[in-house]
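Notes follow once the structure below has been shown.
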Amino acid sequence: MSSPTTGVQARHQQALDEGRFLIQRCGACQRHVYFPREVCPHCGALAPELTAPAGTGTVHSVTTIGRKPDAGGDYAICLVDLDEGVRLMSRVEGLPPAAVTVGLRVKARVVQ
């Protein structure tokens, strides 16, 4: 899949490449949006602005992906509700998969 080269998705990808995580905030309705898009899905306003979230959230749901130990072992994938009100999918690192539970507080970081 090719990378976006223009627009908000390109700016979002550039931020990720620089190790920064951004979401959008609509200037018209003040709601947050993720994944970046050109039009606010809540009110229809154009060009919600990219902004840095607090990066903290709560695990909404979780599943464990099973892998052989020589392939890196099992890992957890979860849906996280950021404190700003958006939900995203993420991998949880630094904890065994069994320790990642619904309601767990987590902090986002970009891993290259």
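Scanning segment 28-49 turns up no residue that is loosely packed, with under 15 Cβ neighbours inside 10 Å, touching a strand residue (DSSP E or B) at 6+ places or on another chain (Cβ under 9 Å) and basic (K, R). Applying the criterion of being part of a loop (DSSP other than H, G, I, E, B) and among the charged types (D, E, K, R) to the residues of segment 21-74, the residue that is farthest from V100 (Cα to Cα) is E38.
Being within 14 Å of the chain's Cα centre (by Cα), touching a residue at least 60 places away in the same chain (Cβ under 8 Å) and surrounded by 14 or more Cβ atoms within 10 Å (Cβ to Cβ): is that true of I23 here?
On the way: within 14 Å of the chain's Cα centre (by Cα): yes; touching a residue at least 60 places away in the same chain (Cβ under 8 Å): yes; surrounded by 14 or more Cβ atoms within 10 Å (Cβ to Cβ): yes.
The answer is yes for I23.
Among residues of segment 79-102 that are within 18 Å of A54 (Cβ to Cβ) and part of a strand (DSSP E or B), those with a Cβ under 6 angstrom from a residue that is modelled with pLDDT of 95 or more and of a type in the set (D, E), sequence gap 6+ or separate chain, pair up as R87/D81.
Scanning segment 1-37 for residues that are in contact with a helix residue (DSSP H, G or I) (Cβ under 6 Å, 6 or more places away or on another chain) and more than 23 Å from L79 (Cβ to Cβ) yields a total of 2. Taken over segment 12-24, the criterion of being touching a strand residue (DSSP E or B) at 6+ places or on another chain (Cβ under 6 Å) and of a type outside the set (V, I, T) is satisfied by L22, Q24. Note on segment 5-20: among residues that are surrounded by fewer than 12 Cβ atoms within 10 Å (Cβ to Cβ) and at pLDDT 90 or above, the one that is nearest to A98 (Cα to Cα) is G19.
Rundown of residues vs (1) over 12 Å from the mean Cα position of the chain (by Cα); (2) of a type in the set (D, E, K, R); (3) not assigned by TED's automatic domain parsing to the domain that holds A10, yes/no style:
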site: H42; (1), (2), (3): yes, no, no
site: T63; (1), (2), (3): yes, no, yes
site: A71; (1), (2), (3): yes, no, yes
site: L79; (1), (2), (3): no, no, yes
site: V100; (1), (2), (3): yes, no, yes
site: R109; (1), (2), (3): no, yes, yes
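Taken over segment 43-74, the criterion of being among the small types (G, A, S) and touching a residue at least 24 places away in the same chain (Cβ under 8 Å) is satisfied by A47, A52, A54, G55, G57, S61.
The values are calculated or read from the model by the stated rules, or taken from the named source; none is laboratory data. The model shown is predicted, which means the values in this text are computed figures rather than measured ones. Heads up, the Cβs are rebuilt from the backbone with ideal geometry, glycines too, and the neighbour counts pull from every protein chain shown.
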